[in-house]
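To start, the structure under review is shown below, and the notes come after it.
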Amino acid sequence: MDGDGLQVLVVDDSAMVRQVMQSILSTDRRIGVKAAADPLIAWAKMQKDPPDVVITDLEMPRMDGLELISRLRGHAPSLPIVLLSGFSETLGLGESSTGADVVLQKSANEVSHLVRAVNRLLRRKPARKPPTGEAPLKVKRKTV
């Protein structure tokens, strides 16, 4: 499903995690969800069809989430990224140390935090493919 042009790419080596995230995020009909088990495959997919938000795990084979984030920042500096890990608190990982826009600890509250974070990040930028004849919505940001 392409939603209204809003695309989320989930990168996680766990099939169960990918399926759960796809199921949860796809309940919002505006959002199309794609998934990749391997960060290198995800990187290739993003080159051809960049998503609006990337959700990545930290620990994965062949390339970890931090390296993927670093590559993404070099290629698309403003791409919203969520880092999701069971080790974020233990390792002291945060937005400033990882390059991610949001760092979430895997926990019992993970689903609600993830949904809120993705929706907030999607509101930061207009949809890639606005409906024909309509301009994308512009969001005014307050500066503090």
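The values are calculated or read from the model by the stated rules, or taken from the named source; none is laboratory data. None of the values given here were measured: they were computed from a predicted structure. Every residue, glycine among them, receives a Cβ derived from its backbone with ideal geometry; neighbour counts consider all protein chains shown.
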Tell me which residues, restricted to segment 1-17, are at pLDDT 90 or above and under 12 Å from the mean Cα position of the chain (by Cα).
-> Gln7, Val8, Leu9, Val10, Val11, Asp12
Among the residues of segment 49-56, is any surrounded by 14 or more Cβ atoms within 10 Å (Cβ to Cβ), more than 11 Å from Leu9 (Cβ to Cβ) and either out of contact with any helix residue (DSSP H, G or I) (no Cβ under 6 Å at 6 or more places or on another chain) or of a type in the set (Phe, Trp, Tyr) (or both)?
-> no
Given Ser14, Ser78, which one is surrounded by fewer than 22 Cβ atoms within 10 Å (Cβ to Cβ), small (Gly, Ala, Ser) and within 21 Å of Arg120 (Cα to Cα)?
-> Ser78
In segment 107-144, which residues are at pLDDT 80 or above and either of a type in the set (Asp, Glu) or in contact with a helix residue (DSSP H, G or I) (Cβ under 9 Å, 6 or more places away or on another chain) (or both)?
-> Val111, Leu114, Val115, Val118
Among the residues of segment 84-103, which ones are hydrophobic (A, V, I, L, M, F, W, C), more than 16 Å from Val20 (Cα to Cα) and buried (at least 18 other Cβ atoms within 10 Å of the Cβ)?
-> Leu93, Ala100, Val102, Val103
Given the structure, is Thr56 β-branched (Val, Ile, Thr) and at pLDDT below 90?
-> no
